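A short worksheet on the structure shown next.
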Amino acid sequence: MKKINIIWLFAIIAITFSSCRKDINEFIVDNNGQNFKSTLFGSVIDEAGQPVENATIRYGAKTKMTDKNGIYQFKNVDVNSKHNLVTISKKGYFEGSRVFTTDRSTTITLKNILLEKTFDKSFESNSTASLKKGALTLDFPADAIVMASNNSPYSGTVLIAMKYLDPNQSSIYYQMPGDLVGVNAASQIAGMITYGMAAVEMETPSGLKLQVAPGKTVKMSNKLSGDILAKA
């Protein structure tokens, strides 16, 4: 699995993982689609609904910055009928993204809510740990953390930033990365349902990125509300 420091949990009650994976890095552009010249008009806000200024927006090889109103535009760009990806990043926030398609030349409006990234949980790497935030629980075994840069063993304090995305809130669709579309066992494009998502990053007290060691697993649990559980 890939050496990435952020994980997103889709439509899962409990999982185990041997290293962290960023789902947006798994997206594959389908070059067999048709291209159209279009304009992308996007807005980026925080969880309080305030505009996020100077966020970096990437679309293909092009880069823009949001203005004081959290707005960005890409004018007259190629947009594919099968798959397109915009990524959004700013220090202090988890990376965001948006996936979209179109069947004609048009103006495409996008909205993202960036999630604040606060390293307010911690544990010692040589000990087991159970960390909770909202409906989310992470259970770490001892000696399971390595440096993200080279997979060398890490000994010391592990700082954790955790954010739970509540499936009961409509804002989840603007907070989540990508979209709720996947490929089923028959290789057909199909919609997915989310029962909650989570973003998690780890680092040292000096800010160096950490990840789960190869061969180690961390149990992630997402406790569902009664209404959601009845549908699951």
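The values are calculated or read from the model by the stated rules, or taken from the named source; none is laboratory data. Quantities reported herein were computed from a predicted structural model and do not represent experimental measurements. Glycine also receives a Cβ, built like all others from the backbone with ideal geometry; neighbour counts cover every protein chain displayed. Areas reflect the complete protein model, heavy atoms only, side chains present, ligands, DNA and RNA absent. Shrake-Rupley method; radii C 1.70, N 1.55, O 1.52, S 1.80 Å.
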Practice item. Could you please state, rounded to a whole Å, how far the C-alpha centre of segment 131-178 is from the C-alpha centre of segment 37-82? Key: 26 Å
**Study point:** For segment 58-161: Kirkwood Rh in Å [reciprocal of mean 1/r, alpha carbons]
**Key:** 17.3 Å
Check your understanding: Considering only protein heavy atoms, what is the solvent-accessible area of VAL79 at a probe of 1.4 Å, reported in Å² to the nearest 10?
Key -> 0 Å²
**Study point:** Alpha carbon convex hull of segment 27-76, volume per residue in cubic angstrom
**Key:** 98 Å³
Point to revise | Ellipticity estimate at 222 nm from DSSP helix runs (n ≥ 4, -39,500 (n - 2.57)) divided over the chain, nearest 500 | key: -1000 deg cm²/dmol
Study note, to complete from the structure: Mean accessible area per residue over the chain (1.4 angstrom probe, all protein chains present, square angstrom) is 51 Å²
**Study point:** Lys, Arg +1 and Asp, Glu -1 on Cβ, resulting dipole of segment 157-232 about Cα centre, debye, nearest 20
**Key:** 240 debye
Check your understanding: Once you list every other residue whose beta carbon is under 13 Å from the beta carbon of SER127, what net charge do they have if Lys and Arg are +1 and Asp and Glu are -1?
Key -> -3
Review point. How do GLU203, GLU95 rank by accessible surface area computed with a 1.4 Å probe, from largest to smallest?
Key: GLU95, GLU203
Revision key, fill the gap. In whole percents, the bins of 5 Å from zero upward hold the Cα-Cα pairs of segment 127-232 as 2, 10, 18, 17, 16, 14, 13, 7, 2, 0
Check your understanding: Once you charge only the Cβ atoms, +1 for Lys and Arg and -1 for Asp and Glu, what is the size of the charge dipole of the chain about its Cα centre, to the nearest 20 debye?
Key -> 360 debye
